[in-house]
Amino acid sequence: MQPVNNAIGQSFVELSQVESTNNYATALAHAGLAQHGMVVFAREQLKGKGQRNKQWLARKGENITLSIVIQPQHLSLSQSFLLSMCFALGVQQFFKQYAGDETKVKWPNDIFWGDRKAGGILIENIIAGTQWKYSIVGIGLNINQSNFDGISQNAVSLKQITSKEFNVLALAKEMCELLEKYYKKMNKDSTSIVQDYHQHLYKRNEWVRLKKGNRIFEALIIGVSSTGQLITEHGTEELFEVGEVEWII
């Protein structure tokens, strides 16, 4: 693998329409046409991808929908959730600059403002044998959309929060600059990334209602393990994998 020198966003591909920025970036990586830090930005996604095989829906031209190609040279596969923490924290801090302190990271890597979802992150890894070649970091962030009817009951956008209209492309490039700073910080001081992620973790040290299968229960959110498991306490400590439990908000 070639040395990684490019900053996130130094190579910026802007598309008017695409099926999925993650799929587009993945295809470039498989074809050997992608380099670390390349960003694929689309004004419209026809089949945007969300967590757990859900579709990420966003109105044309109103939101940030992009994917970043990362070559995680300084990390082992066992540290893959550290990368997730890094980008979730970076996006949360970016959104917080405009939306304020109510901006949090909801495990594993959704962006929440209060109890409403402002964005999400989907990371897909390309692995060859034991070599972690690329991560494709997909980011969807609600910016100017003001009507979420038929899409989500708890979604919120930056425009709804601030009553202001934003230049989506300019914000996307600004966010990439901040993400580059957090990526460099992770490679130098991963402990601070983990600490900051927990500091801004949604409902940390609070009681919440969770659902696992037909079981609904209350639990205290303690934190997240290094491998991405949600750590809870309800008489006894219990850990949950990503996708194993649903939040009842």
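The values are calculated or read from the model by the stated rules, or taken from the named source; none is laboratory data. From a predicted model like this one, the values you see are computed outputs, not experimental measurements. We place every Cβ from the backbone using ideal geometry, glycine too, and count neighbours over all the protein chains shown.
Where in segment 177-241 are there strands (runs of 3 or more DSSP E), lying wholly inside it, with at least 1 residues that are in contact with a helix residue (DSSP H, G or I) (Cβ under 9 Å, 6 or more places away or on another chain)? Spell out the reasoning first.
Details: elements: 207-212, 215-224, 230-233, 237-240.
Those strands (runs of 3 or more DSSP E) span 215-224.
Candidates in segment 191-233 are the residues that are outside the structural domain of LYS106 (by TED's automatic domain parsing) and of a type in the set (Gly, Ala, Ser); of these, the one that is nearest to the chain's Cα centre (by Cα) is GLY228.
Looking only at residues in segment 110-130 that are touching a residue at least 60 places away in the same chain (Cβ under 8 Å) and more than 15 Å from the chain's Cα centre (by Cα), the one that is surrounded by the most Cβ atoms within 10 Å (Cβ to Cβ) is ILE126.
Applying the condition of being under 24 Å from SER76 (Cα atoms) and basic (Lys, Arg) to segment 169-195 and asking which residue is surrounded by the fewest Cβ atoms within 10 Å (Cβ to Cβ) yields LYS188. Any residue at all in segment 149-168 that's assigned to a loop (DSSP other than H, G, I, E, B), crowded, with 17+ Cβ neighbours inside 10 Å and touching a Ser or Thr at 6+ places or on another chain (Cβ under 7 Å)? Checked against the condition, which is being assigned to a loop (DSSP other than H, G, I, E, B), crowded, with 17+ Cβ neighbours inside 10 Å and touching a Ser or Thr at 6+ places or on another chain (Cβ under 7 Å), segment 149-168 yields at least one hit.
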